[in-house]
Amino acid sequence: MTAFISQDMKKELMPDIKKVLKKYNVKATARIEGLQKLVVCLKQGSIDFNADAIRNEWTEGKDIHSCHSIQSHRGFNGKAKQFLVELFQAMNHGNHDNSDVQTDYFDVGWYTGVEIGYNFENPYEVK
């Protein structure tokens, strides 16, 4: 089954997404990529993702604020983790995942992702 999300579906999800953003004082935009993925791009907010990042050999010394794309809350502790858990719950309301990676079978309603910052010229700002 092919993943699919429309602009109308995004509009239905936005009130809950906006509640989470407001609760944590984060400004963001949302977009649909390829009619398969809902992406929320974080512009600025009170959460310091660098401070709450779980560091490993891939993230050590790297700036999390510069367009770091994530698909879950893994990799973060503290306030960042709490925020991302709630944000992904809001983004996935009504979604399904019947995938079985062991048999290479993927069946999701739509994919989700969060970008921390737009790009290196427009990083996420902690305020």
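What's the center-to-center distance, using Cα atoms, between the range 85-127 and the range 1-62 in Å?
Cα centroid of the range 85-127 versus Cα centroid of the range 1-62: 7 Å apart.
Do the alpha carbons of any pairs in Lys27/Lys79; Lys22/Lys62; Lys27/Lys62; Lys19/Lys43 sit beyond 18 Å of each other, and which pairs?
Pairs exceeding the cut-off: Lys22/Lys62; Lys27/Lys62.
With everything on Cα atoms, drop me the angle between helix 78-91 and the longest principal axis of the chain, reported from 0 to 90° to the nearest 10.
For 78-91 against the chain, the angle is about 30 degrees.
Just from its helices, what would the mean residue ellipticity at 222 nm be for the chain, if runs of 4 or more DSSP H residues each count -39500 (n - 2.57) and the sum is divided by every residue, rounded to the nearest 500 deg cm²/dmol?
Numbers: 3 runs with 35 residues, N = 127.
For the chain, the value works out to -8500 deg cm²/dmol.
For the chain, with all protein chains present and a 1.4 Å probe, just round the carbon and sulfur fraction of the accessible area to a whole percent.
Using a 1.4 Å probe with all protein chains present, the chain comes out at 50 percent carbon and sulfur.
Rolling a 1.4 Å sphere over the protein heavy atoms, what is the accessible area per residue of the chain, to the nearest Å²?
With all protein chains present, the chain gives 60 Å² per residue.
What is the magnitude of the charge dipole of the chain about its Cα centre, with +1 placed on the Cβ of each Lys and Arg, -1 on the Cβ of each Asp and Glu, and no other charges, expressed in debye to the nearest 20?
660 debye
Count the DSSP beta bridges whose two residues both fall in the chain, then state the antiparallel fraction as a percent rounded to the nearest 5.
Values: 14 of 22 bridges.
Percentage antiparallel, nearest 5: 65.
For the chain, with the dipole built from +1 on Lys and Arg beta-carbon atoms and -1 on Asp and Glu ones, taken about the Cα centre, which of Asn98, His68, Val40 lies farthest toward the positive end?
Positive-end residue among those listed: Val40.
Enumerate by residue number the trypsin sites (Lys or Arg not before Pro) in the range 1-57 meeting two conditions: DSSP loop (anything except H, G, I, E, B), and at most 12 other Cβ atoms within 10 Å of the site's Cβ.
Answer by residue number: Arg55.
For helix 7-23, what angle does its Cα long axis make with the longest principal axis of the chain, in degrees from 0 to 90 and rounded to 10?
30 degrees
Taking springs between alpha-carbon atoms closer than 10 angstrom, which of Gln71, Gln36, Gln102 fluctuates most in the Gaussian network model of the chain?
Looking only at Gln71, Gln36, Gln102, the largest GNM fluctuation is found for Gln102.
If you work out mean projected area of the Cα convex hull in nm² from the coordinates, which of (1) 8.4; (2) 7.8; (3) 6.5 do you get?
(1)
Compare Phe76, Phe106, Phe49 in a GNM of the chain, Cα atoms joined below 10 Å, and give the one with the largest fluctuation.
Between Phe76, Phe106, Phe49, it is Phe106 that shows the largest mean-square fluctuation.
The values are calculated or read from the model by the stated rules, or taken from the named source; none is laboratory data. This one's a predicted model, so the numbers in the text were calculated from it and none came from an experiment. In this analysis, Cβ positions are derived from the backbone assuming ideal geometry, glycine residues included, and neighbour counts consider all displayed protein chains. Quick note on the areas: whole protein, heavy atoms, side chains included, nothing else; ligands and nucleic acids left out. Shrake-Rupley method; radii C 1.70, N 1.55, O 1.52, S 1.80 Å.
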